[in-house]
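First up is the structure itself, then whatever we jot down about it.
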Amino acid sequence: MEQKEGAGGSGGPNGMICASFNQDFTSLAIGTTNGYRLFSVTSVEKLENIHDSTESPDVYIVERLFSSSLVVVVSLAMPRRMNVYHFKKGTEICNYSYSNNILAVRLNRQRLIVCLEESIYIHNIKDMKLLKTLLNTPSNPTGICALSTNHSNSYLAYPGNSTIGEILIFDANNLRTVTMIPAHDSPLAAITFSSSGTKLASASERGTVIRVFTIPEGLKLFEFRRGMKRYVSISSLAFSTDTQFLCASSNTETVHIFKLEQHSPSGCDENSPTWSSYMGKMFTAASNYLPSQVSDMMNQDRAFATVRLSMTGKKNVCCLATIQKIPRLLVASSEGHLFVYNVDPQDGGECVLVKKHRLFGVIQEENEDAPEPEVNPPASQSYAATVAKPSMVPSSSAVKGYSEDGGAKKGEVIPEHEFAASPVCLDDENEFPPIISCRGGSRNGKGRRH
């Protein structure tokens, strides 16, 4: 869920270009030089290849909406065009073209966000209507942004400055800026929301310190030190679904897992005067007399658990998931493997590798002879009912780089778009919220229907 993570633009040794987990970490999507693939990661022993597509080559962005049939794809062949597919039916729902290359796409059950280098587009995911356009945003050449997966608490985060690590928090439901967080002294490298949307983790380009803030207030909750000896490039940040842990991977061989727990002010329990608690008091007292940089470093928590990967210098994407009732760390590498580790939630320490899956070759061969599983959607409330509440529209405000009513400003091109010729009626939450498709002539004189 994490974003377009890891994998470089020219493709790894197996033609892998990108990888991303879905919002609840039950599915892995990879983009390749031949198209894209979707995997189910709900089992440790078996990695199920649930879909293969070769319609669009050189896919560098692929995002799946939870466990639905909706997939968003962007190809290097047409980097300004976003395609939205119903992969189970093999049909295209719609597509949009933008004024510049698409760098990232984020989505939840309420909103779909498209990030360009200096602008962000906010769509209503129910009908793909363009709601707002944030123009003249600070230069963001790597497309750093995050969207809360909780659609009722739908916050968008993106860099507020291109030279220091400021984070702008935008309410994607009520369409208004909420706050600005001065997170780091260096430019941002990665940001991510907790599943509830009430916490935000961030890392800078230095990669030494990871901070966690409350949302929407923007107050610092935690500060973790990843390392001191060298600067690294953080490629992936992800909270566990219960927000008890946070994992971070980089271009080094180590994946760090931090535990989000509040310590008592004295750093110890008054009722258990042990040697460690005594030393905690001593460090706390000493930090009051040291320079601020040193005292800050003493108060930063270290990793609760770690993983030593067999490769270094390779990009990867990680997440913390509960699989078969046991907490696991999943790491998808640009070399075409998915690693599954057990995490000890009590004692932490070095995580144990329990399974290594190949994302190419063997998986495809195993599934060629396997019958397609029959999909029996559960009897649950339709997603239409979830989105049937009125949306609040804020009053006009003069915000720099902000365009009201989704319009264009300073020559910005309104996205061209195409819709499916027939309405797409999907009323099951396992599928996708109902898309209202338009019929008739072209819209804005540029779009066409097929």
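Top to bottom by accessible area (1.4 Å), largest first, where do Met82, Met180 land?
Met180, Met82
Determine the equivalent ellipsoid of the stretch 1-152 by diagonalising the alpha-carbon gyration tensor, then write out the semi-axes as square roots of 5 times the eigenvalues, largest first, rounded to whole Å.
23, 18, 15
Ranked by accessible surface with a 1.4 Å probe, highest first, in what order do Glu205, Glu166 come?
Numbers: Glu205 110, Glu166 40 Å².
If we order Glu205, Glu166 from most to least accessible, we get Glu205, Glu166.
Please list Thr177, Thr322 from largest to smallest accessible area, probe radius 1.4 Å, with all protein chains kept in place.
Thr322, Thr177
Going out from 0 in 5 Å bins, what whole percent of all Cα-Cα distances in the stretch 118-206 drops into each bin?
P(r) over the stretch 118-206, rounded to whole percents: 3, 14, 26, 26, 19, 9, 2, 1, 0.
Counting heavy atoms of the protein chains only and a 1.4 Å probe, report the per residue accessible area for the stretch 1-147 as a whole number of Å².
29
The values are calculated or read from the model by the stated rules, or taken from the named source; none is laboratory data. If you're wondering where the values come from, they're calculated on a predicted model, not measured in any experiment. Heavy atoms of the whole protein, side chains included, go into the accessibility calculation; ligands, DNA and RNA do not. Shrake-Rupley method; radii C 1.70, N 1.55, O 1.52, S 1.80 Å.
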